[in-house]
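Chemist: I'd like to ask some things about the structure below.
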Amino acid sequence: MIKITNPADCCGCTACASICNHDAITMTPDALGFFYPEVDASKCTDCGLCEKVCSFNDNYDTSLNLTEPVAYGARQKNIDEVMRSRSGAVFAAISDYILDIGGIVYGAGYTDHFRVVHKRATTKEERDEFRGSKYVQSDMNTIFRQVKKDLKDGLTVLFSGTPCQTSGLNSYVGSKLRNNLVLIDLVCHGVPGPYLWRDYIAYLEKKEGASIVWVNFRDKEQFGWKAHKETFKFNMGGAK
Ligand SMILES: Cc1cc2nc3c(=O)[nH]c(=O)nc-3n(C[C@H](O)[C@H](O)[C@H](O)COP(=O)(O)OP(=O)(O)OC[C@H]3O[C@@H](n4cnc5c(N)ncnc54)[C@H](O)[C@@H]3O)c2cc1C
Ligand code: SF4
Ligand code: SF4
């Protein structure tokens, strides 16, 4: 069974919890809100699947990797699209195509007062919530199982996430179902802990005496492409 002795050997992707047929693994937050697998030994049959699927495993399947990476630079021509995304809006362009052919898009959105979670979208309106970087570890919840179900149902699926999340999903889905799965990972310097974000929101709301109703981790319209400033709107109105 999976046992994390070094926190750096786990990104909280949920591949191990998703593959366990006995639901023996619960993803449990640590003091900073980072998710780690916790095994209920009374349910575990020691089948070893959870260790095998983990992308931090030395035997992680790289057979589908290109021998040489192929690199292109791109951004959308439509400046409105670019302004609504964090970077060049390539995610929006590719996800537009997937939705146009009847596919499903998964990405990072919000729930419960700006808690960052992965969600499923079937329309462009739902997908739009995924635009923009959220600099927090996203809670994957049962998303991996939903992705596999969609693929088994014959749907085309686009999943967008951090490189460690996409590699975990890639491993969990397996080579047989990979044909209809499009993975987009982002250039990533790492994710801050969810509780840091939760507590920062609480601190700001206390300081201002008002509730936050809108957030943008990097507001291009106000601060351009390069600035790294979080922007908040409070229910008293105005941006901070
Ligand atoms: C945690 C994090 C670290 C980053 N580090 C770097 C960096 O070091 N250098 C750099 O150049 N750029 C970094 N980025 C920016 C990233 O490369 C851009 O977001 C990307 O280029 C998006 O381009 P876009 O305009 O096509 O996407 P957008 O339309 O802005 O869409 C953003 C996409 O990112 C996904 N996403 C957003 N937040 C998260 C999250 N918390 N977890 C998983 N997926 C998420 C969404 O699902 C969506 O698909 C980082 C982004 C994140 C989320
Ligand atoms: S599969 Fe993912 S969540 Fe499980 S131990 Fe490996 S990195 Fe952590
Ligand atoms: S060894 Fe098998 S049964 Fe035990 S936690 Fe891992 S996947 Fe579940």
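Any read-out appearing in this document is the output of simple, stated calculations on the displayed coordinates, not a laboratory observation. All figures in this text were calculated on a predicted structure; none of them were measured in a lab. Heads up, the Cβs are rebuilt from the backbone with ideal geometry, glycines too, and the neighbour counts pull from every protein chain shown.
Chemist: If each residue of separation counts as 0.36 nm, what is the full-extension length gain between I101 and F217 once their alpha-carbon separation is subtracted?
Modeler: Extra length available between I101 and F217 comes to 38.7 nm.
Chemist: Output the 0 to 90 degree angle, nearest 10, between the alpha-carbon long axis of helix 194-208 and the longest principal axis computed from the alpha carbons of the chain.
Modeler: 20 degrees
Chemist: From the backbone phi of the stretch 148-164, what are the Karplus-calculated ³J(HN,Hα) couplings (6.51 cos²θ - 1.76 cosθ + 1.60, θ = phi - 60°) in whole Hz, Gly and Pro given as x?
Modeler: In residue order, the calculated couplings are 4, 5, 4, 5, 5, 7, x, 8, 8, 10, 10, 10, 10, x, 5, x, 6 Hz.
Chemist: Listing V182, V173 from the residue with the fewest other Cβ atoms within 10 Å to the one with the most, what is the order?
Modeler: V182, V173
Chemist: Can you spot the lysines whose alpha carbon is less than 20 Å from K220's alpha carbon? Ignore those fewer than 8 places along the same chain.
Modeler: K77, K134, K229, K233, K240
Chemist: Across the stretch 36-176, how large is the tail of the calculated P(r) beyond 19 Å, expressed as a percent of all Cα pairs?
Modeler: Of the Cα pairs, 60 percent sit more than 19 Å apart.
Chemist: Mind checking the angle between helix 90-100 and the chain's longest principal axis? C-alpha axes, 0 to 90 degrees, to the nearest 10.
Modeler: Relative to the chain, helix 90-100 is tipped by roughly 70 degrees.
Chemist: Would you please name the chymotrypsin sites (Phe, Trp or Tyr not before Pro) within the stretch 55-97 that are DSSP coil residues with at most 10 other C-beta atoms within 10 Å of their C-beta?
Modeler: Counting only loop positions with at most 10 other Cβ atoms within 10 Å, the chymotrypsin sites (Phe, Trp or Tyr not before Pro) in the stretch 55-97 are Y72.
Chemist: Moving on to the next point. So what is Rg over Rh here for the chain, counting just Cα atoms and using Kirkwood for Rh?
Modeler: Reported Rg/Rh (Cα atoms, Kirkwood Rh): 0.98.
Chemist: For L196 and D9, what does the FRET efficiency come to when R0 = 25 Å and r is the distance between their Cβ atoms, rounded to the nearest 0.05?
Modeler: The value I calculate is 0.75.
Chemist: Then there's this: Provide F114, F130 in ascending order of the number of other Cβ atoms located within 10 Å of each residue's Cβ, fewest first.
Modeler: The most exposed by this proxy come first: F114, F130.
Chemist: Which length gain, in nm to one decimal place, applies between S42 and K233 when the Cα-Cα distance is subtracted from 0.36 nm times their residue separation?
Modeler: So the chain would gain 64.0 nm between S42 and K233.
Chemist: Provide T14, T67 in ascending order of the number of other Cβ atoms located within 10 Å of each residue's Cβ, fewest first.
Modeler: Neighbour counts put them in this order, fewest first: T67, T14.
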